[in-house]
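Below is one structure, written out as structure tokens; comments come after it.
The values are calculated or read from the model by the stated rules, or taken from the named source; none is laboratory data. These numbers were taken from a predicted model, which means no experiment stands behind them. Heads up, the Cβs are rebuilt from the backbone with ideal geometry, glycines too, and the neighbour counts pull from every protein chain shown. Calculation scope for accessible area: heavy atoms of the full protein, side chains included, ligands and nucleic acids excluded. Shrake-Rupley method; radii C 1.70, N 1.55, O 1.52, S 1.80 Å.
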Amino acid sequence: MMTNGVVHANVFGIKDWVTPYKISVLALLYEMTASKITLPERRRLNKLILPLQQGPDLTLGQFLQTVEECCPQTAYAVKLRLHEMADGELKDMEYFFSTLPTPFTAFDSEAYKTSVVGLFMRHMLLAYNKLSFSQVYKLYKSLQHYYHSHYAKPTDGQVGLAALVADDSEMDLTSIEDTVGDRIDKEELDTPLHESELRNDNTPSRGPLSQKQAEYFLARQAYLLKNDENKALKPAALQEELNNMLKFNPDFAEAHYLNYLNSMRVQDIFLSAHSLLHYFDRLILSGNEGKSNGDEGYGRSLRYAALNLASLHCRFGHYQQADLALQEAIRIAQESNDHVCLQHCLSWLYTLEQMKGSDSTVLTEDSVKMAAHFCLPYLASLGIQSLVQQGATQGKTAHKLINALKDTDILHWKHSLSELIEISLAQTTSIWRMYGKSTMALQQAQLLLNMSSLEPVNFGVQQNNTEAFAVALCHLAELHAEQGLYFAVSEILQHLKEQFPPHSQNAKLWMLCDLKIQFERHMNEGKYHLAEPLVTAISALNKTEGLYRKAQVLKALNRSTEAYSVLQRLQVHCEKTKCTEMVIRMMLSTAELHWESSGFSTALPLLLQALALARQHHLQSLASETILHLAFTQLMLGVPEQALSVLHEAIEPVLAHGAVIDKGRALLLTARCQMAVAGFSPNGQGQADLRLAVLAVDTLNEAAAYFSKLDCKERLRDVHYLQAQLYRSLGQTSQCNKSAMLFRLLDQDLQTPAPPVSMRL
């Protein structure tokens, strides 16, 4: 057959043909209608009917095992039925087909003509009745081979599997001439099996699939790739199946599209673009679009092909190519007056501008207005969520952003937009994390993870492997790590690794999360030699995060000049990309470098600028962190009373929402301020305020509890050093000796000289 100059294979024009596997399915359906089965077993078998009918042919071992798991009694009856035919004569197979219930007369059974079972039986009976005698004989021989190959290996004299598979194509519904079945060469029978056909029973059949089998296979794999990638075939196995399918019909458009999705899993830019273009080429040349939409169908395919190509280039960061493809899609859509396609183009246009780092607020607002005008709630909600994200980075208040998301949630529930509900919850989690409200972030993450999906459950799969779930789980892991709950963190990360395999597109989220948690843990424990190798891995996933952590390691290793150089380079980059959070962190790290050279007065302007930025963008956690730095600077400048006053402003949010390490640092700084205000001096001279000294002891004990959670030995060493001095001034000799002993043990364990306590926060 030729359409638009393209030659099409007739393989997928075949609706159905009779194979030994289909006879096994017919035997199962016959036993289900003829024998008495308990209701639970019947329900389990009913769930198998559609996959068995439309799925690829299974070996007898696989088929019987599947049925036996649901109903052993029925599996045994099917085995007996097949045994009667395979070990009997040709007339036994003829008798079996004659006893099957007729779909037009079986009113009270599952085989009625309007049922799935009835349609399948009707197709099989029609296909069987159209076979010539020679074809029936070959079918019988293939049934014998199918049955006996399950119990014994085929001998050299038996017909090869490749020949039997080839014969299957001669038993289809389109076979009209009886003489077709007689065309079999001795060379074909004597041909040895191909290596790919000499496989175990667990490997899918390599023969051509019927149209229904191919469509079912593609629909199932596409659904699994979208909703639960782990249950889909592995990338290599799926690629092999698709190659086999395209070998029989290179112009099967849907197979090319699934090939595109499979290539995206492994980030193969060449093959994904190649398959996407082939899909739209085949779709246009096959005339499928033109049949339903006339000439407009071809234009529709062309503009959506350009739009899909633009999204593909966006995903791989090819912004120039994406822009060209997007302009082409817009041009074709404008010529065809396709407002829906234009709205999709506008959505990708503002997304592309965001990825470039440009301000796309005006474009996004226009997109939301036009989407609402054309009654496209999905695109309108996406636009609002994008505006919320931009508003968060521009310093909008939390209540405005949350109210905007709440209004879109009403729209989501009204139209049952499950995917957007998940995105909204994940976005709310991220917003609360950014604003430093860890309790609210934890609540939103748990709400998403415990929400039942509105999507229909097909193939026994729930939609739980989307980007929103990955983001929520990563936030959950980081929140647990901040509280020192590393066992729970390992369980969450293990679930992420199972749910999002390393080759999947969302795997980078948990990879970066895992590396950051490991890095922070090693830094807290003072194991800088273990933290340093992680910098390279973090940089490969996120260059900005990698550079920031490189500066942290260099600073910890007392390589201040190199750390300062990295921080200055990174600050310029972050100011250009308007990454306010990272800019504030750069300022704090630079201020710490000034401390090392006793430049406390030099650090003050930086800290005040960082505090102004944090408050302007409502970043409470960073504002509290900056206040701690300011208090420490004031303590070093000799104004402990002012430092203690400033600390009271930050201590409450830190203890309520901060990480364990931040709580410990805040309390340690508070104790030092209390000691300074009490008039305590390290040499023991002068009279100290005993009330404040006792209060400082309690504060240090609380700080020690937090540092112990993280096994932060360097900080614990500082705490015990201050405790020993306090106890000595209070005349508590035994407590002083105990703290001194703990200090000495930690000092020997660390094997590094203790830095001056007064020189770091």
Out of curiosity, is residue 210 in contact with a strand residue (DSSP E or B) (Cβ under 9 Å, 6 or more places away or on another chain), within 30 Å of residue 271 (Cα to Cα) and modelled with pLDDT under 75? yes
Single residue of region 701-744 satisfying the filter (among the acidic types (Asp, Glu) and within 22 Å of residue 528 (Cβ to Cβ)) that is surrounded by the fewest Cβ atoms within 10 Å (Cβ to Cβ): 711
List the number of the failed condition for residue 264; all other conditions in (1) surrounded by fewer than 17 Cβ atoms within 10 Å (Cβ to Cβ); (2) aliphatic (A, V, I, L, M); (3) touching a residue at least 40 places away in the same chain (Cβ under 8 Å) hold. (1)
State which residue is modelled with the lowest pLDDT when the search covers only region 268-303 and only residues that are open to solvent by less than 50 Å² (accessible area, probe 1.4 Å) and not in a helix (DSSP H, G or I). 294
Being free of Cβ contacts under 8 Å to residues at least 12 places away in the same chain and closer than 17 Å to residue 571 by Cα is the filter here; which residues of region 589-620 pass it? 605, 612
Looking only at residues in region 557-572 that are in a helix (DSSP H, G or I) and of a type in the set (A, V, I, L, M, F, W, C), which one is nearest to residue 523 (Cα to Cα)? 563
Count of residues meeting criterion [of a type in the set (Lys, Arg) and at pLDDT 80 or above] in region 13-26: 1
From 353, 365, residue being without any contact (Cβ under 8 Å) to a residue 40 or more places away in the chain, within 22 Å of residue 408 (Cβ to Cβ) and open to solvent by less than 50 Å² (accessible area, probe 1.4 Å): 353
Could you figure out which of (1) at pLDDT below 90; (2) out of contact with any His (no Cβ under 7 Å at 6 or more places or on another chain); (3) over 21 Å from residue 428 (Cβ atoms) isn't true of residue 324? (1)
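Yes or no, residue by residue, for (1) modelled with pLDDT of 75 or more; (2) open to solvent by less than 30 Å² (accessible area, probe 1.4 Å); (3) closer than 20 Å to residue 60 by Cβ; (4) touching a Gly at 6+ places or on another chain (Cβ under 6 Å):
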{"position": "110", "(1), (2), (3), (4)": "no, no, no, no"}
{"position": "121", "(1), (2), (3), (4)": "yes, yes, no, no"}
{"position": "137", "(1), (2), (3), (4)": "yes, no, no, no"}
{"position": "151", "(1), (2), (3), (4)": "no, no, yes, no"}
Residue within region 421-432 that is out of contact with any His (no Cβ under 8 Å at 6 or more places or on another chain), free of Cβ contacts under 8 Å to residues at least 40 places away in the same chain, buried (at least 16 other Cβ atoms within 10 Å of the Cβ) and of a type outside the set (Phe, Trp, Tyr) present: yes
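Residues are listed down the side, and each one gets a yes or a no for (1) among the hydroxyl-bearing types (Ser, Thr, Tyr); (2) in contact with a strand residue (DSSP E or B) (Cβ under 8 Å, 6 or more places away or on another chain); (3) surrounded by 16 or more Cβ atoms within 10 Å (Cβ to Cβ); (4) modelled with pLDDT under 75:
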{"residue": "11", "(1), (2), (3), (4)": "no, no, yes, yes"}
{"residue": "28", "(1), (2), (3), (4)": "no, no, yes, no"}
{"residue": "32", "(1), (2), (3), (4)": "no, no, yes, no"}
{"residue": "52", "(1), (2), (3), (4)": "no, no, yes, yes"}
{"residue": "65", "(1), (2), (3), (4)": "no, no, no, no"}
Is it true that residue 583 is within 19 Å of residue 603 (Cα to Cα), out of contact with any strand residue (DSSP E or B) (no Cβ under 7 Å at 6 or more places or on another chain), without any contact (Cβ under 8 Å) to a residue 24 or more places away in the chain and of a type in the set (A, V, I, L, M, F, W, C)? no
Filter result for residue 575 (open to solvent by 40 Å² or more (accessible area, probe 1.4 Å), more than 30 Å from residue 391 (Cα to Cα) and in a helix (DSSP H, G or I)): no
If we take region 462-556, then helices (runs of 4 or more DSSP H) inside it with 1 or more residues that are open to solvent by less than 40 Å² (accessible area, probe 1.4 Å), small (Gly, Ala, Ser) and within 29 Å of residue 715 (Cα to Cα) are 467-482, 486-499, 528-541, 543-556
Scanning region 123-132 residue by residue, those assigned to a helix (DSSP H, G or I) and either over 13 Å from residue 100 (Cβ atoms) or at pLDDT below 75 (or both) turn out to be none
